[in-house]
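Heads up: the structure comes next, in C-alpha cells.
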Amino acid sequence: MSTVTESGTRSSGKRIGALILAIVGILLIILALIYVTTKAGSLPSFIPGHLHHSSGHHPLRAGVALIVGLILLGGAWWLGFGGKKGAGS
C-alpha cells in the first residue's frame with residue numbers, strides 16, 4: 001500500500017493512515033475527559049452511557065477510551081515517524 005519513492009520520501013498512504021489514527025485517538029481522549037468530568041445523567045444523548053437521573057460517572061469507559069486513544073496516537077506516530085531509517089543505518 002505504502003511505498004518509498006526513489007527520493008526516499010514516503011507515499012501519502014501512510015500519512016493519511018497516520019492522520020486518521022491521530023484524529024480518532026484525539027477524539028477518544030476527549031471522550032475520556034468528558035466521561036470523567038460529566039455525570040452520566042448530563043452526558044449528551046449521542047454518547048454511550050447516557051443515563052437519565054444518574055449522578056455517577058463512568059470511570060471504566062473513561063479508562064478504556066483513554067487507553068485506546070493513546071494506543072491509536074502511538075500507532076499514528078509509528079506510521080508517521082517510527083519506521084524511518086536514520087542516515088547512519
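No value in this document is a laboratory result; all are computed from the given coordinates. Model, not experiment: these values are computed from the prediction. Positions of Cβ are generated from backbone atoms using ideal geometry, with glycine treated the same way; all protein chains shown enter the neighbour counts.
Extension gain residue 33-residue 16, at 0.36 nm per residue separation less the Cα-Cα distance, in nm? All intermediate terms of the calculation are to be shown ahead of the outcome.
Values: separation 17, 0.36 × 17 = 6.12 nm, distance 2.59 nm.
Full-extension gain reported as 3.5 nm.
Find the relative contact order for the range 13-81 and round it to a whole percent, using C-alpha pairs within less than 8 Å whose residues are 6+ positions apart. Before the final figure, lay out the partial values.
Working: 93 pairs, mean separation 32.2, N = 69.
Reported relative contact order: 47 percent.
By counting other Cβ atoms within 10 Å of each Cβ, how are 23, 29 ranked from fewest to most?
On the way: 23 13, 29 18.
The fewest-first ordering by Cβ neighbours comes to 23, 29.
In terms of the ratio Rg/(2.2 N^0.38 Å) built on C-alpha atoms, what value belongs to the range 5-67?
On the way: Rg = 17.4 Å, N = 63, 2.2 N^0.38 = 10.6 Å.
That ratio works out to 1.64.
Fully extended, how many nm does the chain gain between residue 81 and residue 23 (0.36 nm per residue separation, minus their Cα-Cα distance)? Walk me through the numbers on the way to the answer.
Numbers: separation 58, 0.36 × 58 = 20.88 nm, distance 1.62 nm.
My answer for the length gained is 19.3 nm.
Which of 15, 61 comes first, and how do the rest follow, when ranked by fewest Cβ neighbours within 10 Å? Before the final figure, lay out the partial values.
Values: 15 14, 61 19.
So the residues, fewest neighbours to most, are 15, 61.
Show me the ranking of peptides 39-47, 70-78 by mean Cβ neighbours inside 10 Å, starting with the highest. Working shown, then result.
Numbers: 39-47: 11.9, 70-78: 16.1.
The most tightly packed comes first, giving 70-78, 39-47.
Got a sec to turn the phi values of the range 18-32 into Karplus ³J(HN,Hα) couplings, 6.51 cos²θ - 1.76 cosθ + 1.60 with θ = phi - 60°, whole Hz, x for Gly and Pro?
Taking θ as phi minus 60°, the curve returns 5, 5, 5, 4, 5, 5, 5, x, 5, 4, 5, 5, 4, 4, 4 Hz for the range 18-32.
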